[in-house]
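Visitor: Dropping the structure in here first, questions after.
The values are calculated or read from the model by the stated rules, or taken from the named source; none is laboratory data. This is a predicted model, so every value here is computed, not measured. Here the Cβ positions follow ideal geometry from the backbone for every residue, glycine too, while neighbour counts run over all protein chains shown.
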């Protein structure tokens, strides 16, 4: 389902074949009620056919597959001329980043006034706006909803975090995502403060 070499998900489109979807094309992410181990998420995404579609994604595919863990296949190691496992190589690269204090995704939690590491299952809504993206994230530490303004690469490429992000200086209600107009108004406003997202201490 997820290809770590292209940083895209394979989702079916009813109108065309071979749909490749990056995280920046997600619009809503909801946890489905029921079993939590493994959790299943409903993703509403903007398809290249022009419509929005829904897909069901497991917790493993949403949060862990982008790190390259479990990737099938091999590659030719030019140093040793041997065929090495992609999963081992990509897993080692991800582990090296995390040991260095770099996280695959991060966001700025407004109520806590600090950056936090996060995974895509914490993303609640994504809205494009003039080359940037409004990202509503449920904080895994305090459970509050914060909105950041980030680049496409911040969303699509694991470990490619923006050094600075825009932050809406507002604490959103728990049901704020149901009020889509409020989210769009905040995204279009000039209320974004620029905050550092640097997670290295």
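Visitor: In this structure, does residue 141 turn out to be at pLDDT 90 or above, touching a strand residue (DSSP E or B) at 6+ places or on another chain (Cβ under 9 Å) and outside the structural domain of residue 39 (by TED's automatic domain parsing)?
Guide: Criteria met by residue 141.
Visitor: Take the range 9-40 and flag every residue that is within 21 Å of residue 124 (Cβ to Cβ) and in a strand (DSSP E or B).
Guide: Listed by number, the residues that qualify are 9, 21, 26, 27, 28, 29, 30, 31, 40.
Visitor: Which condition breaks for residue 111 when tested against (1) touching a residue at least 60 places away in the same chain (Cβ under 8 Å); (2) in contact with a helix residue (DSSP H, G or I) (Cβ under 8 Å, 6 or more places away or on another chain)?
Guide: Among (1) touching a residue at least 60 places away in the same chain (Cβ under 8 Å); (2) in contact with a helix residue (DSSP H, G or I) (Cβ under 8 Å, 6 or more places away or on another chain), the lone unmet condition for residue 111 is (2).
Visitor: Here's another thing I want to ask about it. Among the strands (runs of 3 or more DSSP E) contained in the range 74-158, which hold 1 or more residues that are within 15 Å of the chain's Cα centre (by Cα)?
Guide: Qualifying strands (runs of 3 or more DSSP E): 105-109, 114-118, 123-129, 132-138, 145-150.
Visitor: Given 120, 104, which one is touching a strand residue (DSSP E or B) at 6+ places or on another chain (Cβ under 7 Å) and either crowded, with 17+ Cβ neighbours inside 10 Å or at pLDDT below 85 (or both)?
Guide: 120
Visitor: With the structure loaded, tell me whether residue 93 is out of contact with any helix residue (DSSP H, G or I) (no Cβ under 9 Å at 6 or more places or on another chain) and either under 15 Å from residue 159 (Cβ atoms) or surrounded by fewer than 18 Cβ atoms within 10 Å (Cβ to Cβ) (or both) or whether it fails that test.
Guide: No: the conditions fail for residue 93.
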